[in-house]
Every structure is written in C-alpha cells, then in structure tokens.
1. At a Förster distance of 41 Å, what's the computed FRET efficiency of residue 225 paired with residue 65, Cβ-Cβ distance as r, to 0.05?
2. For residue 254, what charge total do you get from the other residues with a beta carbon under 14 Å from its beta carbon, if Lys and Arg give +1 and Asp and Glu give -1?
3. Kindly provide the pair-distance distribution of the chain built from C-alpha pairs, with 20 Å bins from 0 and whole-percent values in order of increasing distance.
4. Counting only other residues whose beta carbon sits under 13 Å from that of residue 71, what net charge do I get with K and R as +1, D and E as -1?
5. Arranged from highest to lowest average of other beta-carbon atoms within 10 Å per residue, in what order do the peptides 101-109, 190-198, 232-240 appear?
6. May I ask you to give the average projected area over all directions of the convex hull of the Cα atoms of region 28-185, in nm² rounded to one decimal?
7. Label residue 161 and residue 90 with points 7 Å out from Cα along Cα→Cβ: what is the distance between them in nm?
8. For residue 238 and residue 202, calculate 0.36 nm times their separation in residues minus their Cα-Cα distance, and state this gained length in nm to one decimal.
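Every number in this text was worked out from the coordinates using simple rules, so none of it is lab data. Just so it is clear, the model here is predicted, and its values are computed rather than measured. Reconstructed Cβ throughout: ideal geometry from the backbone, glycine too, with neighbour counts over all protein chains shown.
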Amino acid sequence: MTPYIQANTNGRLHAADEPSITPLNRGYLYGDAIYEVWRTYHGVIFAWEEHVRRLDRSASALHMALPLTTQAMLGEIQKTTAAFRNQVSSASELYIRLQVTRGSGQIGLDIALAEKTEFTILVQENKLFPEEKFAAGLKLSFAELRRNPPEALNPAWKTGNYLNNILCLREARAHGADEVVITNLAGEIAEAAVCNIGFVRAGSVVTPPLSAGILAGITREILLKAVAPAVGISVSEDSIRPQDLSGMEECFLLSTTKDITPVASISGYTFAHGLDSVTMRLKREFLKYAQTYAEAYPLLRA
C-alpha cells in the first residue's frame, strides 16, 4: 500500500493521488517550475529562511513571480502538515515540498502565455536510509553523462527540470549503486543526483565549489559555515577530479532530507566510515545544530 501523501493545490487540501492541475499547466508541459524541500527536526521546519531565500533566487532566475508571501507560504505549509498529521496520526518527521509553476495558458513556450503562477505543497513522512544501509555506507558510481553546464541551465536553480539528474541516476542504478557521482564538462566532480558531495582529506573537509556547477545546498552551507567549525574541522572548496579520490580518506553526501550520509565506495574507490569517523563527528554535530534550531523557532512547528 502506498503511504499517504497530503497535497495542497493553490490552497485546496486533498490526497496527493487526486488530480488537481490542468494538463495545460506549464510545469507539466515544459518543466517550467521551481521547488524547495524542507524537512522537520523535532517537529519544527528546519532552515526555513535559508530555503526561502533559495526559492526567491530560483524564481528570480526564471523571471517567475511567487504566488505567496513568505508568511502566507508558511501558513499554507502548516495547514498542509496539520492535515497530514490528522490523516496519519503520526509524530514522525516530515518531508515538505513546495512546487511553484508558471501556471497554465495556451500551448506554447512563450512565458507571456502563462496566466498566473500556481503552487502545490506535498507532505509525507520523511524517509531515511535503512539502518543497515547507513551503517554499511552508500555505494556510488560515476555517470558517463555529464552535468549540464551553468551557462546552459544552471544547476544552482532548483527547477522542475531534472532530466539530467534522472538519466545520470539511471546509469548508477544500472550498475547496482545507491547514488551517482556526476562530473561536469571539465571532468571535475560536481555532485550526486539529489545530494551535494563532500570528502575528508588529511582530516579536513573538501567539497566541490559552486562554480563546478552544483546546487547551493542548504545542508552543505550549514556544514561549511557552522557545523565543521564547531568541531574544529577545517573546510575548503576545491576542484576535485576522479583521479583525486585515491587521496581521500572519507566521503559523504549532504541533503536536506537525510543530512549527512557516509559513502563506502565510488566506482572501486573505497572510503573509511564508522562511528569514529570525521563524517560521523560532523553528523552528530549537525543533529545538535538541528535540535538547537528547533528549540529556537517554535513558531515553525509542523
């Protein structure tokens, strides 16, 4: 049985498996959409403002007007999370996705054909990796397909167009991997399909720079600016190529829904992982940061 997902389309609450948009919606037709994903820690929406700022940047890049003010957006999200909890009667942590499309109108690429922006909110239980998978570390593999360059469709924009990521992840899954490592046109490591990537080298964290063509991940930002410094671990943003992996001691993925996850291997390169690893020190500190945040922002309860 498919777990229940609560939806909110333009303010109307409904089950997510109920149709709610016209086939003329440009998000459906062209991927003409942006989105953000939050999760809760201790029942509180985490890093609210950071995600809102990124949503604003994506909207500006696509010349798209947001249909809600920040306060109205929070109200609609909390209305949707309350409806989910009423349906499921669960105290679990939540996954919250807000998608904004340019709207509907006549068929054609011209954005002037769109009538008005529309939104959909989806709420479900936040899903983590099984404990045994987390303990063993993820298996990743390189994709032959490259990351689309910032000069074409910038990966820093969190848009509804994910074909590049989907096709790269398909390659990895065909090789039995859990996730993919995507390189850019210069042959540098960029990121995974839905995660940023980080490494530990000589006890310090190193991660690809934004200029490699990656999403400006919120978890990545918090790790670099707050979490790593709190435990005395130095950080740097450097160009990393596949041949550099032999000098990396550890590897981890960074994402909103799963925060910091250890990686055991990438296409034959293996990495240390375990409770005493730098990766797990960072994860424990990140969870402390999230708990402190939840205590500081009770009005973001969901």
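1. With a Förster radius of 41 Å, E is 0.85.
2. With Lys, Arg at +1 and Asp, Glu at -1, the neighbours total -3.
3. Here the calculated profile for the chain is 32, 59, 9.
4. Around residue 71, the surrounding residues sum to -1.
5. So the order, starting with the most tightly packed, is 190-198, 101-109, 232-240.
6. For the Cα atoms of region 28-185, the hull's average projected area reads 11.6 nm².
7. 3.4
8. 11.5 nm
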